[in-house]
Structures are given as C-alpha cells and as structure tokens.
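The structure under discussion appears below in the form of structure tokens.
The values are calculated or read from the model by the stated rules, or taken from the named source; none is laboratory data. Note that this is a predicted model, so its numbers are computed, not measured. Positions of Cβ are backbone-derived with ideal geometry, glycine not excepted, and every protein chain shown enters the neighbour counts.
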Amino acid sequence: MRDTYESPLSSRYADKEMKYIFSPDKKFRTWRRLWIALAEAERELGLDITQEQIDELKAHADDINYEVAEEREKLVRHDVMSHVYAYGVQCPNAKGIIHLGATSCYVGDNTDVIIMTEALKIVEKKLVSTIRMLSEFADKYKSLPTLAYTHFQPAQPTTVGKRATLWIQDLLMDLEDVQYVLEGMKLLGCKGTTGTQASFLELFDGDHEKCKKLDRLIAEKMGYSECFAVSGQTYSRKLDSRVLNVLAGIAQSAAKFSNDIRLLQHMKEIEEPFEKNQIGSSAMAYKRNPMRSERMASLARYVMADVLNPYITAATQWFERTLDDSANKRLSIPEAFLAVDAILNLYMNVSNGLVVYDRVITSHLKNELPFMATENIMMDAVKRGGDRQELHEKIREHSMAASRVIKADGGKNDLLERIAADPAFGVTLEELEAILLPEKYVGRAPQQTEDFLRETVEPSLARYQDLKTESAEINV
C-alpha cells in the first residue's frame, strides 16, 4: 500500500525468511502449537482431556480463521482471548480445554522466546557464511603488502589478508556470543498469573510434582531442554537485553568493517561491488560511492542505539509484571533482528565481491616505505663504521626535508636520493632500492594469517560443515 507507512526494514532491506519469523502468521501458528502442547501435557498428567479433542486442535493448527479473531477482538479488546475464541469456533469439541489454566503470557512469552531462537539461528547461519567469505579473501591476499595505519597515519606495513583477519576475529566473537545465547534459551513454561502455578496446583489437586512436570513436558514438546525455573507472570526481560546485546555486537563489527571499506575505497585500494548500471551520484556521473558499506554503517547505528530499549524495559518492570514492556517489545526486538538481517546481507554481498587494486596498494606503500626503512638503513650504516647518533640526526634532517617536498610542494618522496647523496651513509641509490622490498617489512603477517585461518577459524566453524554458504543479492 502506497498510502500507509511501512518500515523500510521490511519493505527494502530484510530477507523474506526473517520477515516471516516476525509475521502475525508465524506468531499465531505458534500460539496454536503451544495450546496443543499444553493440552497434550495436561492429558498426560491426568486431566480429563481426550485424544479426540487434541486431534481436533491439531487438525486446525494452521488454517487460522483470522476474520473471526479480528471481529472478536473488536468486541473484547484482548488478542489472546480473541484467538482462543476463534480456535474454539473451529474446534467445538475442544473449545472448553483450550488455554486451560494458562494466562496470556503462556502463549505470548513462549512465542517470543521461540521466535527469537529461530531468528538467532538465521543470524548464526549468515555469520558463518560471512566468516567463510572473508576467510577466502584473507587467504587469497595473505601475502599482499599494504600500508597499515595507526591514528590513520602511515605505520608499519601489514598485508591485505592480515587486515581481513581483524574483521573475521570480531565476527568470531559475535558467533561465540550467538552460540552461548542460543544454548541458554529457555521457555517461560506455564507459570500462571504471578509465576506461582497456583491455577495448575488447583487443576492437579495439589500435586506439586505434576506442576513441575508440566513445564518439562511443554519444553520437550516445543523442542527445548528446559523452562525458566522461576518467573513472575513473564520471563525475565533480561533475556531480551541479552539477545539484543548480541545483535548490537554484530552491528559493531559490521560498522567497523564498513568504515574500513569506505576509507579504502576513498584511497582507491579496495572497493565494494559496483554493478554495471549502478548510479553513484545524481549529479556526478563518475562517482562510485560505497553505498552498501554506508548502509551497513547506518543500520548498525540504529541497532546499537536500539539495544537501550530492552535495557530500560528490564530495569523498569514492577514486581511480577507490568505492561509497559509490550509496545516496546513489539518494536525494538523485531526491528533489531530485521536490521541485523539486512546488515549481514550487505556484509555477505560486499565480502563476496570486494575488488582489490593491488597496483594502487603497492604504489601507496612505496611512497611511504622509505620513511619506514630508515632504521634499517641507519643500522647498516652503523655496521659499516658510522656513528649512530650522527646518522640518526642526518636521517631526521633528510626525512623532514623529504616530507616538506611531499606536503608543501606536492613532489615525490626523494628521501632515498637524499640519503644516497650523503657520504655519511656510504650507500648507493641502487643499493637502497634493492632493500626496499615491501614483503621485508610486513613481519609475520602472512604466517599470522595462515595460522589464524587454520588454528582459529577452521575449528570455530567445524560444527557448521553441513551448512551451505549463503550468498546475498542486494535489491536496492
């Protein structure tokens, strides 16, 4: 609809798979699965529920009569009871046992946990694909020397592949966080109005063991190992902040990568993919703007700010529950997942299509390399009998003069020529140029890259051997 606002995360950026997880259809189908699990568990624990009633519920688990629910909600102003009513219309024999003993949070909170779990699995899958793509890039360029920077000032050289390992390492930390949170996801279970299970203790005639087993059965039927041991009416909202912490961490990593790519593209060393018919600027036809990396940075900023929402929500819940979490959760959690889905799509797309201009990289490095080689030049001159302190002062003077030529006159770096012309060093220009091989100044960068990929990345991804590497097409 062109006359109604729609979140751009849904209309422009996120994938269909992630959008479905946060759709009404996914939510209400999960509600019905939970009602079936509750009925089955209650029957197994001895309540007067028949298999025929459960079969009737299962027969209508997916054909949700939305019109009936929507009309009922206009009357009763309660979404859960509207869907209980609609389900009962389809299942007349079972309507009396739907939602038996439960509160709204039974379906609401358990569904939220299930949806976040499934969404995190998509995030996990895309993280793995991104790490694989960057690992291929790092391995390919592990030995290509490049100028490294501290404070964005030229520093000791590294290699293109080694720089990529820094991006990968951040993502591996994010992957560890995703794994940790996924392993700790628990359902609310069926705890009742204030978390005491009072209604179920009544249903089971005071049998505490059946109340405890009810939670275990529901968890098992929904594919979880356990439920929270204690709760108020809701699961602790700290779970939401834990989940969004992970998403914000991924956003941090992506923003760092995207900023590096934007700087490299400015220097014409490495570019993100640029399609044949893509327009870089409405005014300047020659431009190749890093729009994908810029979008990554933009969306990452949103997620890093969004993480405050569950922090504040968890901190301000009153006693066993308040309802000031509901509207915020409906916005902050789905939008964070949709944004991270879009970020990872961009990350995969850019990583899989990076364009490296090795001659530009080498040219930039050679322009600065004479400054970085001065210590070696000075030490060689000392070995030939020179005075270290005098040579250091001469190197300083020659370096300052060469720097002035570059900055004030726009000239080339003539430091080597100046040193060769100085008899104190006793070396020719040809001899100086022979020692200025870029690969001599990258330290262990190629070996570090190899070791990192073999000893850190491969073991971290071993559990995902059967997971197919995804690719991502960017539509806008």
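Descriptive notes on the structure:
- Condition met for Arg301 (surrounded by fewer than 14 Cβ atoms within 10 Å (Cβ to Cβ) and under 30 Å from Arg132 (Cβ atoms)): yes
- Inter-residue pairs, beta-carbon under 8 Å, first over 17 Å from Val355 (Cβ atoms) and among the aliphatic types (A, V, I, L, M) and in region 288-314, second modelled with pLDDT of 95 or more and not in a helix (DSSP H, G or I), 6+ apart: Ala314/Ser236; Ala314/Arg237
- Of all residues in region 45-73, those that are in contact (Cβ under 8 Å) with a residue 60 or more places away in the chain have Cβ atoms under 6 Å from Cβ atoms of residues that are not acidic (Asp, Glu), 6 or more apart or on another chain, in Leu45/Lys210.
- Helices (runs of 4 or more DSSP H) lying entirely in region 304-400 (those with 3 or more residues that are within 29 Å of Gln153 (Cα to Cα) and touching a strand residue (DSSP E or B) at 6+ places or on another chain (Cβ under 6 Å)): 358-372
So that you can scan it fast, the table gives a plain yes or no per residue for (1) in the same structural domain as Ser399 (by TED's automatic domain parsing); (2) under 19 Å from the mean Cα position of the chain (by Cα); (3) not aromatic (Phe, Trp, Tyr):
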position	(1), (2), (3)
Lys329	no, no, yes
Phe337	no, yes, no
Lys366	no, no, yes
Met378	yes, no, yes
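- With respect to being in contact with a helix residue (DSSP H, G or I) (Cβ under 7 Å, 6 or more places away or on another chain), modelled with pLDDT under 85 and under 27 Å from Val442 (Cβ atoms), Met372 fits the description.
- Evaluation of Lys412 against (1) over 29 Å from Leu144 (Cα atoms); (2) surrounded by fewer than 17 Cβ atoms within 10 Å (Cβ to Cβ) (one fails), failing number: (1)
- Applying the set (1) of a type in the set (D, E, K, R); (2) more than 27 Å from Tyr141 (Cα to Cα); (3) at pLDDT 90 or above to Lys412 leaves exactly one unmet item: (3).
- Flag if Ala86 is of a type in the set (A, V, I, L, M, F, W, C) and not in a loop (DSSP other than H, G, I, E, B): yes
- Enumeration of residues in region 213-225 that are surrounded by fewer than 18 Cβ atoms within 10 Å (Cβ to Cβ) and part of a helix (DSSP H, G or I): Lys213, Arg216, Glu220, Lys221
- Residues in region 1-23 that are assigned to a helix (DSSP H, G or I), closer than 22 Å to Asp79 by Cβ and in contact (Cβ under 8 Å) with a residue 24 or more places away in the chain: Ser10, Lys19, Ile21.
- Among the residues of region 434-470, those that are under 19 Å from Val128 (Cα atoms), outside any helix (DSSP H, G or I) and free of Cβ contacts under 8 Å to residues at least 24 places away in the same chain comprise Gln465, Asp466, Lys468.
- Here region 32-66 is the region considered, the condition is being part of a helix (DSSP H, G or I) and among the polar types (S, T, N, Q), and the residue that is farthest from Leu217 (Cα to Cα) is Gln53.
- Residue, farthest from Pro145 (Cα to Cα), within region 162-219, restricted to residues that are among the basic types (Lys, Arg) and out of contact with any Lys or Arg (no Cβ under 8 Å at 6 or more places or on another chain): Lys210
- Candidates in region 179-206 are the residues that are without any contact (Cβ under 8 Å) to a residue 12 or more places away in the chain and more than 26 Å from Thr322 (Cα to Cα); of these, the one that is surrounded by the most Cβ atoms within 10 Å (Cβ to Cβ) is Tyr180.
- For region 413-430, the count of residues that are among the small types (Gly, Ala, Ser), part of a helix (DSSP H, G or I) and in the same structural domain as Ala381 (by TED's automatic domain parsing) is nonzero.
- Qualifying residue in region 43-52 (condition: surrounded by 12 or more Cβ atoms within 10 Å (Cβ to Cβ) and of a type in the set (Asp, Glu)): yes
- Options Arg388, Arg359, Arg384, Arg418; residue that is exposed (fewer than 12 other Cβ atoms within 10 Å of the Cβ), among the charged types (D, E, K, R) and either closer than 30 Å to Leu127 by Cβ or touching a helix residue (DSSP H, G or I) at 6+ places or on another chain (Cβ under 9 Å) (or both): Arg388
- Subset tally (residues that are assigned to a loop (DSSP other than H, G, I, E, B) and touching a residue at least 60 places away in the same chain (Cβ under 8 Å)) for region 226-249: 6
- Phe200 vs. criteria hydrophobic (A, V, I, L, M, F, W, C), touching a Phe, Trp or Tyr at 6+ places or on another chain (Cβ under 6 Å) and assigned to a helix (DSSP H, G or I): no
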